[in-house]
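Asker: Please read through the structure below; I'll follow up with questions.
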Amino acid sequence: MNKEMSKDKLLSKHNLRLLYKRKSEVVIVYVIFFALILFASLSSDVFWGTRNLRNLLISNIGLLLITYAQLIVITLGGVDLSVGSIISMVNVAAVTLMTDSVGSWILISILCLIIGVGIGIINGLLVVKGNIQSIIATLATQTIFAGTALLIMSSPKGTLPSELCQFFTRGWGYLFPFLLVIVMTVLIWILMFRTNFGRAIFAVGGSEQAAECSGIRVGRTKIMAFAVSGLISAVAALYISFYSTSGNPLIGESYTQRSITTAVVAGATLVGGKSSVIGCFAAVGIMGIINNLLNLMHVSSYYQFVIQGVILILALAFSAIRSRK
Amino acid sequence: MRPSIEVRNIDKTFVGVHALKDVSFTCYPGQVHVLQGENGAGKSTLLKILTGMYRPDSGEIWINGEKVNFRHPIEAKKNGLAMVYQEMSLLPELTVAQNIYLNQGNKRGFTDERALLRAAREIAQKYNIEIDPYARTADLPIAAQQMVEILKALAAEPQILILDEPTSTLTSTEVDKLYQIVQELKSQGKTVLFISHRMEEIFRFGDYATILKDGSYIDTVNLRESDENTIIQLMVGRELKSIFPHKNTQKDAEVMFEVQNFSDNAHFHNINLQIRRGEIVGIGALDGQGQTQLFQAIAGLRRRTSGTVKLNGKEIVYHNVRKAMKLGIGYVPEDRKGLGLCLEMSVGDNLSMASLRRRQKFGFIKKKEEAEQANQMVKRLNIKTASLLQNVVNLSGGNQQKVSIGKILEDVPKVLLLNEPTRGIDVEAKQEIYRLLRSLADEGVAILCYTSDMMETIGLCDRVLTLYEGRITGELGEREGALITEENIMRGAMNQKVQKTTGLEDGQNE
């Protein structure tokens, strides 16, 4: 059976089937994604309009990036409830501190990234050194930093430099946001699937004890994973802030829940050790198109929350059924 | 007299393993009956059938003259059977009283805490045990917890009490207490079924002993009329199947790996061992004598309070697994599913997991090299998998075990520690692993191995150290002048003197 495992065997039909078996969640997510696109183009004549498509892209980049941040922690076997507060903190910091000089744009952006990494490291230390479950640790930091954001800015006010906002969301004829998505996706994919660090994240999520027995530094891997997750959250936060152009201390609130939903829809299991970067793209697409359709049909945006909750339950039920098989 | 327990022709087969073969024995009220046998002789399975955890394939159980057919431990309890489990079944956050009367004392769904405390105090007094019923269980020392466990079984006022290794965590004062309790039960005409690896306790507590071997009934002896030798003779005598590779032919090779004065002051004490080039050294012991903790300490997974390690004559220092692995010490843990593998990850990812640092450039994985090495390992160990992408969970036990070993081999260890390398796998895979270990030893890897199957220890190992309660009690091998026989291993494993072939000296087994 396994006498020769040459290269062409790795590409044989059998292995393609195996690949499907291993990655069926991703395939299913894409099937749903394309089905939704089909449904959207049939049910709405403006869906394929350039304006709507552009809108779809730039309004969902933030969610995609924050999903990547969540994905790293979920792969580790945890969950990060603090991503929303990182977004609020970064938004408040950027709006309060940024002036009209290019120097301040760069400096404050870097400061924002440091805020993200810092909160991530705090999460990691609480989980590893404090031996607290990630859901509790990040619930605490979420509360602390969401509160801090409100202390700094008690109500929505202020704006970000409009040139910067323009560039991030429409720069180079919409090429910049497009490239941002591509570059971030490729970077995350490489991090997860082509580095020792990424492999260690999967191993820790798969079985912490087995990882330990394999000489993987479990504690360090966790802290670093939370730090990287914080960094990506900060990047997402900057984008979300530039997209909204204004200051709002509650801007991040909904993102925690949405990022968990999309990561799970993309095929990650909440016990860890399994996730898909490529699937996130379609998962965010699904959420985005549903919202887009509801907007086009002038349905109250509150329904979107209801629908997202239902989708999360369906996705979790689906993965539970699969793992029982 | 009417027998209290009658086991008639019990047969039980698990997937591929015939655990109990037509076992029958009888116990009478007012007696302490000892069950005795090697690892895997079928003691635990028999107890689990008695208490309703397993159901026999065939055969009957009669309790107090009535045929019973327990489907759940609760039914056994209702019929007057109570068991003190080896692994503690107490809930650490509850009080002593709550634990003793767990699932009891409910008054229409409510619990009466005061009544619980009173009852717990009474039963402790009755059996002359000093314990605070209001104490949080986790705060008690381990020996006191064991006494709570025993009280919990006694609280059900059983006709038949089963004690599975009850003394392994007790101090001698508490063992005396337990002795008195058992005497009290005897005088009340109750039956006690007793398992212990301590020979002196078997004779102190027991009236009769039933010996099992390889799942079969061997004999029941009156302990007042027999001695240690008789018991050991009855326990041993299994057939050595010729499925093992050749033994080490090199004589007087240099010492490659040495462990000196290893202690953790809890599970193992003052362990000294040497492995010569080309040698497979075995640990001969009953289960739970500290071998796992010793392996973990050598592998850097567990702290030790004292001890040094020498590799090729030079002392090496490490305080974690990672460093130990870098220095060339590889450990294959006993539980492949929990400790050895990430089941939901692929064969390829698992194989490379312990050697990531060997195939990296600035933290990036060299995928081509990784796949090549994994493919080589699949071929070398004859791992039957459709591809490297297959998830480990879909492989058979034997192939999972091979992945668990192969993962450590990819890190090219100089010293290989294996804990239960063949547990629960088929004979063919076992043989493949024996051959692999021998060829590794021939290539110069120092191998230390524990397996609960003593025949495997005999067939595979060039030298055997016997371990009893965390201490080395004997050394068997040609150089040591003591043959590696089942009897000698059993003697060492039960803290008896091993028999020397020369007969000139008495040896130094303390």
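Rule-based calculations on the coordinates, nothing more; no lab input. From a predicted model like this one, the values you see are computed outputs, not experimental measurements. Virtual Cβ from ideal backbone geometry, glycine too; neighbours counted across all protein chains shown.
Asker: Calculate for chain B the 222 nm mean residue ellipticity that helices alone would give, adding -39,500 (n - 2.57) per DSSP H run of length 4 or more and normalising by residue count, nearest 500 deg cm²/dmol.
Answerer: Helix contribution divided over all residues of chain B: -9000 deg cm²/dmol.
Asker: So what J values fall out for region A:178-195 if you push phi through Karplus, 6.51 cos²θ - 1.76 cosθ + 1.60 with θ = phi - 60°, rounded to Hz, Gly and Pro as x?
Answerer: So the J values, rounded to whole Hz, are 4, 4, 4, 4, 4, 4, 5, 4, 4, 4, 5, 4, 4, 4, 7, 10, 10, 10.
Asker: How far is the Cα center of region A:260-325 from the Cα center of region A:167-222, in Å?
Answerer: Here the answer is 20 Å between Cα centres.
Asker: While we're looking at this one, here's another question. Using a cut-off of 19 Å between alpha-carbon atoms, which lysines can reach B:Lys402, once sequence neighbours fewer than 8 places away in the same chain are excluded?
Answerer: Candidates past the 8-residue exclusion: A:Lys3, B:Lys337, B:Lys379, B:Lys384, B:Lys414, B:Lys430.
Asker: Kindly provide the helix-only [θ] at 222 nm of chain A, computed as the sum of -39,500 (n - 2.57) over DSSP H runs of four or more divided by all residues, to the nearest 500 deg cm²/dmol?
Answerer: -26500 deg cm²/dmol
Asker: Within region B:225-257, which trypsin sites (Lys or Arg not before Pro) sit in a loop by DSSP and count at most 13 neighbouring Cβ atoms inside 10 Å?
Answerer: Filter output for region B:225-257: B:Lys241, B:Lys251.
Asker: Note down the net charge around B:Asn103, summing +1 for each Lys or Arg and -1 for each Asp or Glu among other residues with Cβ under 12 Å from its Cβ.
Answerer: With Lys, Arg at +1 and Asp, Glu at -1, the neighbours total +3.
Asker: Same structure, new question: By its C-alpha gyration tensor, with a ≥ b ≥ c as the square roots of the eigenvalues, how is region B:210-260 shaped: rounded for a/c under 1.5, else prolate for a/b larger than b/c, else oblate? Could you put the intermediate results ahead of the total?
Answerer: Working: a/c = 3.86, a/b = 2.05, b/c = 1.89.
Note, shape of region B:210-260 comes out prolate.
Asker: With a sphere of radius 14 Å drawn around the Cβ of A:Phe178, what net charge do the other residues whose Cβ falls strictly inside it have (Lys, Arg +1; Asp, Glu -1)? Before the final figure, lay out the partial values.
Answerer: Numbers: positive: A:Arg54, A:Arg170; negative: none.
Net local charge, A:Phe178 excluded: +2.
Asker: Spelling out what I want: for every residue of region B:80-94, take phi, set θ = phi - 60°, compute 6.51 cos²θ - 1.76 cosθ + 1.60 (Karplus), and round to whole Hz; glycine and proline get x.
Answerer: x, 9, 10, 10, 9, 7, 5, 7, 5, 10, 7, 9, x, 8, 7
Asker: Against the 2.2 N^0.38 Å scaling, with N counting residues, where does region B:280-428 land? I'd like the Cα-based Rg ratio to two decimal places.
Answerer: With N residues counted in region B:280-428, Rg over 2.2 N^0.38 Å equals 1.08.
Asker: For region B:177-217 and region B:470-501, compute the distance between their C-alpha centroids and round to whole Å.
Answerer: Each part's Cα centre sits 26 Å from the other's.
Asker: Something else about it: So for B:Val236, A:Val271, fewest C-beta neighbours within 10 Å to most, what's the order?
Answerer: In order of increasing Cβ crowding within 10 Å: A:Val271, B:Val236.
Asker: State, as an integer percentage, the relative contact order of chain A based on alpha-carbon contacts under 8 Å between residues 6 or more apart.
Answerer: Relative contact order here is 33 percent.
Asker: Placing +1 at every Lys and Arg Cβ and -1 at every Asp and Glu Cβ, with all other atoms neutral, what dipole size does region A:55-324 have around its Cα centre, in debye to the nearest 20?
Answerer: Dipole of region A:55-324, to the nearest 20 debye: 560 debye.
Asker: Relative to the longest principal axis of chain B, what angle (0 to 90°, nearest 10) does the C-alpha long axis of helix B:142-155 take?
Answerer: 40
Asker: Calculate one ³J(HN,Hα) per residue across region B:275-280 by plugging θ = phi - 60° into the Karplus curve 6.51 cos²θ - 1.76 cosθ + 1.60, and present them in order as whole Hz with x for glycine and proline.
Answerer: 10, 8, 4, x, 9, 10
Asker: Can you tell me the dipole magnitude for the protein assembly as shown around its Cα centre, using point charges on the Cβ only (Lys, Arg +1; Asp, Glu -1), in Debye to the nearest 20? Before the final figure, lay out the partial values.
Answerer: Values: 88 positive and 76 negative charges, 610 e Å.
In total the dipole reaches around 2920 debye.
Asker: Need the C-alpha centroid separation for region B:1-72 versus region B:239-280, integer Å.
Answerer: 38
Asker: Based only on other Cβ atoms within 10 Å, what is the fewest-to-most ordering of A:Trp105, A:Trp172?
Answerer: Ranking A:Trp105, A:Trp172 by Cβ neighbours within 10 Å, fewest first, gives A:Trp172, A:Trp105.
Asker: Relative contact order for region A:224-284 using alpha-carbon pairs under 8 Å, separation at least 6, rounded to a whole percent?
Answerer: 21
Asker: While we're looking at this one, here's another question. Given N residues in region B:5-235, what is Rg(Cα) / (2.2 N^0.38 Å)? Mind dumping the intermediate values first?
Answerer: Values: Rg = 17.9 Å, N = 231, 2.2 N^0.38 = 17.4 Å.
Normalised Cα radius of gyration, region B:5-235: 1.03.
Asker: With N denoting the number of residues in region B:347-411, provide Rg(C-alpha) divided by 2.2 N^0.38 Å, to two decimal places.
Answerer: 1.04
Asker: Where does helix B:367-380 land angle-wise versus the long Cα axis of chain B, in degrees 0 to 90, nearest 10?
Answerer: The angle comes out at about 70 degrees.
Asker: Here is a follow-up. Pull up all non-local amide H partners of A:Lys274: gap of 5 or more, or a different chain, and H-to-H distance under 5 Å with H placed in the peptide plane.
Answerer: The list, which skips near neighbours in sequence, is A:Thr269.
Asker: Moving on to the next point. Tally Lys/Arg at +1 and Asp/Glu at -1 over every other residue whose Cβ is under 12 Å from the Cβ of B:Leu341; what's the total?
Answerer: Working: positive: B:Arg336, B:Lys337, B:Lys402, B:Lys407; negative: B:Asp335, B:Glu344, B:Asp349.
With Lys, Arg at +1 and Asp, Glu at -1, the net is +1.
Asker: Still on this structure, I have one more. Mean separation of Cα pairs under 8 Å and 6+ residues apart, divided by the residue count of region A:177-319: what relative contact order is that in percent?
Answerer: Computed value for region A:177-319: 22 percent relative contact order.
Asker: 5 Å is the cut-off here: which amide hydrogens, built 1.01 Å from N in the peptide plane, fall below it relative to B:Ala482, excluding neighbours closer than 5 in sequence?
Answerer: Answer set, sorted by chain and number: B:Gly477, B:Thr501.
Asker: A follow-up question, please. Quick one: what Rg and Dmax do you get for the protein assembly as shown from the alpha carbons, in Å?
Answerer: Gyration radius and largest Cα-Cα distance of the protein assembly as shown: 32.3, 102 Å.
Asker: In addition: Computed FRET efficiency, Cβ-Cβ of A:Thr50 and A:Val102, R0 30 Å: what is it to the nearest 0.05?
Answerer: It comes to 0.45.
Asker: Going by alpha carbons, how many degrees (0 to 90, nearest 10) lie between the helix axis of B:172-187 and the longest principal axis of chain B?
Answerer: Taking the Cα atoms of chain B, the angle to B:172-187 is about 40 degrees.
Asker: Compute the length gained on full extension between B:Ala138 and B:Asp227: take 0.36 nm times their separation in residues and subtract their Cα-Cα distance, giving the result in nm to one decimal.
Answerer: Numbers: separation 89, 0.36 × 89 = 32.04 nm, distance 3.97 nm.
Additional length available on full extension: 28.1 nm.
Asker: Thinking of region A:55-324 as a set of Cα atoms, what percent of all their pairs are more than 32 Å apart?
Answerer: 20
Asker: Given H placed 1.01 Å from N in the peptide plane, which residues other than close sequence neighbours of B:Leu193 have an amide H under 5 Å from its amide H?
Answerer: It is B:His33, B:Leu161, B:Ile162, B:Leu163, by chain and number.
Asker: Something else about it: Write out the trypsin sites (Lys or Arg not before Pro) in region B:334-417 meeting two conditions: DSSP loop, and at most 15 other Cβ atoms within 10 Å of their Cβ.
Answerer: B:Lys366, B:Lys384, B:Lys414
Asker: Compute from the Cα atoms of region B:101-206 the Rg and the Dmax, the latter being the longest Cα-Cα distance, and quote both in angstrom.
Answerer: Cα only, region B:101-206: 14.5, 47 Å (Rg, Dmax).
Asker: Same structure, new question: With 10 angstrom as the radius, rank B:Leu81, A:Leu107 by how many other C-beta atoms surround their C-beta, starting from the fewest.
Answerer: Neighbour counts put them in this order, fewest first: A:Leu107, B:Leu81.
Asker: Let me see the pair-distance distribution of chain B: every alpha carbon pair, 20 Å bin width, integer percents in order.
Answerer: Pairs per bin, as whole percents: 21, 49, 28, 2.
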